[in-house]
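The values are calculated or read from the model by the stated rules, or taken from the named source; none is laboratory data. Keep in mind that this is a model prediction, so the values were computed, not measured. Neighbour counts are summed over all protein chains in view; Cβ atoms, including those assigned to glycine, are modelled from backbone coordinates with ideal geometry. Just the protein is used for accessible areas: all its heavy atoms, side chains included, with ligands, DNA and RNA removed. Shrake-Rupley method; radii C 1.70, N 1.55, O 1.52, S 1.80 Å.
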Amino acid sequence: MGKEKNTDNLSPEKIRKIRLKEERARLTDFQNKTAEAKLPVLVLVEGWAAAGKGSLIGKAIQQMDPRFYNVASLEVIREEDKRKPFLWRYFTQIPENGKFVFMDSGWFSQYADELLSKEADPQTCVKHLDSILSFERQLVDNGYLLVKVFLNISKEEQSKRQKALLGDEDTGWRVSTSDLEQNRRYKEYQETFNSCIAKTDRTYAPWHIIDGANKKDAELAFLQILNAEIEKALANRPGADSPLLKDHFPKNAVTPLADIPLADCVTTDKTYKSELKRLQKELRHLHNRLYRKGIPVIIAYEGWDAAGKGGNIKRLTESLDPRGYTVHPIASPLPPEKNRHYLWRFYNRLPRTGHIAIFDRTWYGRVMVERLEGFCSEKDWQRAFLEMNEFERDLTDWGAVVIKFWVQIDKDTQLQRFTDRQNTPEKQWKITDEDWRNREKWDLYEVAINEMLEKTSTTFAPWYILESVDKQYARIKALKIVIAELKKALGN
């Protein structure tokens, strides 16, 4: 910081002009520092219609490097948004490490509108509030700076601005019917906004109320808040001191992997062929009904290397309409994925209503390979159990069917399949040096997997074990489980 200018005997307007110049320069400097520190900054700008949210953001970013920020206008809910979970349109917009995202309206507005419109039932509103609180906490716990501001204006000021906009044919389109309704019901909206702010105000993500009556004063206040929060975050990384929270979700009892019987889980070729044909036919019929009713389905596969996940998925998809499902093979995260919250890449792969998403490897890599290979801290993977349960709760609250398979084999069976792959030319592409290295850590992985199953087999998204020493047995079992879960969702 340079030497402060002497503002004695200057008018308030000139003092404000000097302060604005200083704060803009500070923000430019902080943008470089956040890039160096790889600090992701999400700025949520909420407020009354016609309060000037868009122009406030526009003024703030004038001197910033446009390569390192994005502005997301999320006031209008598109048809695509309605076919995804509540948080989808917000989670998919979060910034990369070292970059900014400014949101013009967001989850606060949507939640408040649901309360005011009475379109969403009270239970859904409660669920969305829980999702908001989890989302904000997760962002901060994972190192994000979340800055929330509300731009406040009076009923008279709002009416005045709306009339001015409507009086010009070039700006009249900016005033919607719902904006005018907001002014007519100003007191009711005000009470709801105040209630929503109180419910979502947290020490790690506090609300900052800005008086929007004077646009220059509002701009200065916004810049001062933003710079102060960035300075604080650079000094003490967000989430660094966050405690591990207790998981309150109800769980199903699980059997440790070593105690799962495998030897008797076999099926004859004749039974396999007849059952496969029958079950695939039934699944095909259910898939059509799912599409008509708009029910989304997420099927997650985890398991030991060479356990037979690929073949299991193949028999599942053979009977499905290819236009209605997508298989996502999950490998190591790409740079844009690695530089965001680890769940971001999975939010981007969620299906639309009526469609099926099948994941070959999943978000559970956080508590297995990332844990054991040191790709995240101990606190990161310990916190992830709750975060993944919250993620799956949001999916089921949305109406999705979530089916999670662990494909189980023993160590001897894996060695036999590894050796077969290595010695068979057409199968050699299936075996890598990494597979052999992971095998050396079998016992460590087993401990991690047992903990994962115990802590994330919830009543709303339980784990199912597929005994796969006999791959045919595992395929039939998977089809039966999927069919049973789909029937339950369809009300059969």
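For the stretch 377-468: lysine pairs with Cα atoms under 23 Å, gap of 8 or more or different chains, count? Within the stretch 377-468, the lysine pair count is 8. Computed from the C-beta positions of Lys411 and Glu36, the FRET efficiency with R₀ = 35 Å rounds to 0.15. Amide H to amide H, with H built 1.01 Å from N, Val401 comes under 5 Å of Val297, Ile298, counting only residues 5 or more places away or on other chains.
Of the listed residues Trp304, Trp398, Trp429, the order by accessible area with a 1.4 Å probe, largest first, is Trp429, Trp398, Trp304.
Based on the Cβ-Cβ distance of Ile15 and Phe68, what FRET efficiency does E = 1/(1 + (r/R0)^6) give at R0 = 30 Å, to the nearest 0.05? Calculated value: 0.50. Think of a 1.4 Å ball rolled over the protein heavy atoms: the chain then has 49 Å² of accessible area per residue.
Rounded to the nearest whole Hz, the Karplus-based 3J(HN,Hα) values (6.51 cos²θ - 1.76 cosθ + 1.60, θ = phi - 60°) of the stretch 462-477 follow the sequence x, 8, 10, 8, 10, 6, 10, 4, 9, 4, 5, 4, 5, 5, 5, 5, with x at glycine and proline. Multiplying the residue separation of Asp29 and Asn450 by 0.36 nm and subtracting their alpha-carbon distance yields 146.8 nm. Measuring nothing but alpha carbons in the stretch 331-449 and taking Rh as the Kirkwood radius, the Rg to Rh ratio lands at 1.00.
The Cα atoms of the stretch 1-112 define a convex hull whose projected area, averaged across directions, is 9.0 nm². Multiplying the residue separation of Trp436 and Asn194 by 0.36 nm and subtracting their alpha-carbon distance yields 81.3 nm.
Roughly how big is the stretch 285-382's charge dipole about its Cα centre, with Cβ charges of +1 (Lys, Arg) and -1 (Asp, Glu), in debye to the nearest 20?
500 debye
From its DSSP helices (H runs of at least four residues, each -39,500 (n - 2.57)), the chain gives a residue-normalised ellipticity at 222 nm of -16000 deg cm²/dmol. Ordering Leu276, Leu166, Ala233 by the projection of their Cα atoms onto the charge dipole of the stretch 143-279, which places +1 on the Cβ of Lys and Arg and -1 on the Cβ of Asp and Glu, puts Leu276 at the extreme positive end. Placing pseudo-labels 7 Å out from each Cα toward the beta carbon at Asn214 and Asp168 gives an inter-label distance of 2.2 nm.
On the basis of the beta-carbon distance and an R0 of 41 Å, Trp429 and Lys379 show a calculated FRET efficiency of 0.65. Annotation note: trypsin sites (Lys or Arg not before Pro) in the stretch 29-107 located in DSSP loop regions with a Cβ neighbour count of at most 13 within 10 Å are Lys38, Arg78. Residue ranges 206-212, 14-20 sort as 206-212, 14-20 when ordered by packing (mean number of other C-beta atoms within 10 Å per residue, highest first).
Using a 10 Å Cβ count of at most 13 others and DSSP loop calls, identify the longest part of the chain lacking such GluC sites (Glu not before Pro). Present the calculation step by step, with values, prior to reporting the outcome.
Details: sites that count: Glu4, Glu119, Glu169, Glu318, Glu373.
Here the longest run is 170-317.
Normalising the Debye intensity of the stretch 88-231 to I(0), with uniform scatterers on Cα atoms only, and taking log10 at q = 0.08, 0.12 Å⁻¹ returns -0.26, -0.59.
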